[in-house]
Amino acid sequence: MKVLAFGASSSKKSINKILATYTAGLIEGATVEVVDLNDYELPLFSVDKEEELGQPALAKAFLNKIGSSDIVVISFAEHNGSYATAFKNLFDWCSRIEKKVYQGKAMILLATSPGPGGAQSVLSAAEHSCPFFDGNVKASLSVPSFYGNFDVESGTMINDEIKGQLIDAAKRAVQKDTDK
């Protein structure tokens, strides 16, 4: 089973990338590939740019990463209550190539922030949006106060309740839709 994981952020020290990587590692028997959105940087999307550039190779490569996976784990950074520009821009380019960006893949949607809100606004937007783009959302979780709940140095979730919820999300991601 192949899992694609990424933080929907361009931050080089992204706590969302750390959370996505950690959660993907909880999926038993999985081969995990972690990608960095900085490797898929594209010009700001517009129909004019699309007319000029066509379908950028980086957007096609990102879609291929999704297509070759069985499960997609995304942890969303929240910028002013919405998606980080790096993610939204890449997503916009991808959706012009293939409307079904997520290609029916099982998904775990996460979000975290240093503060108590846990990026719940962007997670809510993603929960509603992903199915429209053919995402099969199996689980979602907002993790508040990241640094109070996760030990970055050891790479471990130190909040047992949240750790249990992430383990449950990992189990749900591998369940067939007929399993309950």
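The values are calculated or read from the model by the stated rules, or taken from the named source; none is laboratory data. The model shown is predicted, which means the values in this text are computed figures rather than measured ones. Quick reminder, even Gly has a Cβ in these numbers, built from the backbone with ideal geometry, and neighbours come from all protein chains shown.
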Residue selected from segment 42-59 under the condition assigned to a helix (DSSP H, G or I) and of a type in the set (A, V, I, L, M), by the criterion surrounded by the most Cβ atoms within 10 Å (Cβ to Cβ):
Ala59
Suppose the filter is within 14 Å of the chain's Cα centre (by Cα) and assigned to a loop (DSSP other than H, G, I, E, B); does Val101 pass it?
yes
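Just the residues that are acidic (Asp, Glu) and farther than 19 Å from Ile66 by Cα, please, taken from segment 122-172. I'd like the intermediate steps shown before the answer.
Looking only at segment 122-172, we keep the residues that are acidic (Asp, Glu), and these are 127, 134, 151, 153, 160-161, 168.
Asp151, Glu153, Asp160, Glu161, Asp168, listed by residue number.
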State whether the residues of segment 95-103 include one that is surrounded by 16 or more Cβ atoms within 10 Å (Cβ to Cβ), modelled with pLDDT of 95 or more and under 15 Å from Lys2 (Cα atoms).
yes
Pair list, Cβ < 7 Å and 6+ apart or interchain, from segment 52-78 residues that are polar (S, T, N, Q) to residues that are in a loop (DSSP other than H, G, I, E, B)
Ser69/Lys105
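Select from segment 22-64 the residues that are among the polar types (S, T, N, Q), closer than 26 Å to Thr156 by Cα and touching a Lys or Arg at 6+ places or on another chain (Cβ under 8 Å) and list them in ascending order. Reasoning before the result, please.
Just the residues of segment 22-64 that are among the polar types (S, T, N, Q), to begin with: 23, 31, 38, 46, 55, 64.
Among the residues that remain, those that are also closer than 26 Å to Thr156 by Cα are: 23, 31, 38.
Listed by number, the residues that qualify are Thr31, Asn38.
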Within the set of pairs 6+ apart or on separate chains, which have a first residue in segment 110-134 that is farther than 11 Å from Ser82 by Cβ, a second that is among the polar types (S, T, N, Q) and assigned to a helix (DSSP H, G or I), and C-beta atoms under 8 Å apart?
Leu110/Asn16; Leu110/Thr23; Ala111/Asn16; Ala111/Gln120; Thr112/Asn16; Phe133/Ser95
Which of the following residues is surrounded by fewer than 17 Cβ atoms within 10 Å (Cβ to Cβ), within 22 Å of Lys13 (Cβ to Cβ) and not hydrophobic (A, V, I, L, M, F, W, C): Thr112, Thr85?
Thr85
Which residue out of Asp160, Asp179, Asp151 is at pLDDT below 95 and surrounded by fewer than 13 Cβ atoms within 10 Å (Cβ to Cβ)?
Asp179
